[in-house]
1. With charges only on Cβ, +1 for K and R and -1 for D and E, what is the dipole size of the chain about its Cα centre, in debye, rounded to 20?
2. Report, in whole Å, the centroid distance computed from the Cα atoms of the range 228-266 and the range 95-160.
3. Looking at the range 28-125, which chymotrypsin sites (Phe, Trp or Tyr not before Pro) are in a loop (DSSP not H, G, I, E or B) and have at most 14 other Cβ atoms within 10 Å?
4. Test of understanding: in a Gaussian network model of the chain with alpha carbons linked when under 10 Å, which of Ser262, Ser241, Ser99 would top the mean-square fluctuation ranking?
5. Rounded if a/c is under 1.5, else prolate if a/b beats b/c, else oblate: with a ≥ b ≥ c from the C-alpha gyration tensor eigenvalues square-rooted, which is the range 190-281?
6. Going toward the positive end of the dipole of the range 201-243, with +1 on Lys and Arg Cβ and -1 on Asp and Glu Cβ, which of Ala215, Ile201, Ser232 do you reach last?
7. Where in the range 139-170 does the label zone of Lys220 land, with the point 7 angstrom along Cα→C-beta and an amide N cut-off under 11 Å?
8. Rounded, prolate or oblate: which fits the range 107-265, taking a ≥ b ≥ c as square roots of the Cα gyration tensor eigenvalues, rounded meaning a/c under 1.5, else prolate when a/b beats b/c?
Amino acid sequence: MSTKLKDLLRTSDLSKSDIELLLETAGKFASNPLRSKKTLAKKTVAIYMTKSSTRTRLASETAVAHLGGTPIFLRADELQIGRGETISDTAKIISGFCSALIVRTFSQSDIDELGKHASIPVINALTDDDHPTQLLADWITLKENFGKSISNRKLAYVGDGNNVATAWLTMGATMGAHIVVATPGGKWAPNENVIKQANEIAKKSGAKIEILTDAKSAAKNASAIYTDVWMSMGDSESDRSEKMSALKPFMVTPELMSLTSSDSVFMHCLPAHRGEEVSAEVIDGPKSVVFRQAFHRRTTIQALLYHLSKGDLKGNN
Ligand code: CP
Ligand code: NVA
């Protein structure tokens, strides 16, 4: 049975129709950012981050401002939560002042708890486990490039089986796409529960899911090659050298791109490390859509705030 979705805590919270609605609205905010400038008039939105951010912070603050609201940026070390105040008390206090809460942090369970105790919408702006708002920006970018033919295309992620890989797999499964994730496997493979869940979703959506350990097979005839950093925020430095050598064959090079379809695109959530997960020729080359993805971080977060505040999203349950 369908209910109202209060929060976006995970990519799997969104149904296909929620995503379609969000992307349609994001398209409108792309051409006219101020078209709903009264949505958050006289309201505030808290943006709480315990990890660094360039795009997500800028996109969130700008989205709130374009909806007529005032963003309030909060750092953990400046709040009492950094001195041991509980998550549930913090959630209740923020709910008393603000109309929504956007959170970037380490543990998924912390954001789940914020969602449980806040009476306002809580949005996951990245955890160690997921990055749902990123995938909304990525999917609208794919739609702009491929239109309706997207469902017939092979969409591949190569690299570390991290939070972005989880979001890619889950979004692709929900949208009924042909989705491929290639990692070195073992410690760097996507989470087993995430793969299981994506396969469950795919049974209903008609998605085709492939989990590989070879970058070349993933790239062959793919319409999109997506990659992300090899060391994510919060990853253990003690793994660095082992991880770097395991991931070396997954670097996106012009040779790897030459295996893809003639109209393929290169994608990256950014920040990027040229010479590690991607060569400069690829990310700065003609197939790269990375700055369009970054542009859509604002349009999609704006759409999310707009529809969550109106209670328009139904979720999956
Ligand atoms: N892609 C992304 O989330 O970028 P930031 O870490 O700069 O927010
Ligand atoms: N996987 C990266 C994404 C950054 C946007 C990280 O978590 O650091």
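1. Once rounded to the nearest 20, the dipole reads 1240 debye.
2. Result: 22 Å between the Cα centres.
3. none
4. With Cα springs under 10 Å in the chain, the top fluctuation among Ser262, Ser241, Ser99 is at Ser241.
5. Oblate shape, in that a/c is at least 1.5 and b/c is the bigger or equal ratio.
6. Ile201
7. The answer is none, because no backbone nitrogen lies closer than 11 Å to the label point.
8. Cα axes put the range 107-265 in the oblate bin.
Only the coordinates and a few stated rules stand behind these numbers; no lab work does. In this text the structure is predicted, and so the values were computed from the model without any measurement. Using ideal geometry, Cβ is built from the backbone for each residue, glycine included, and neighbour counts are taken over all protein chains shown.
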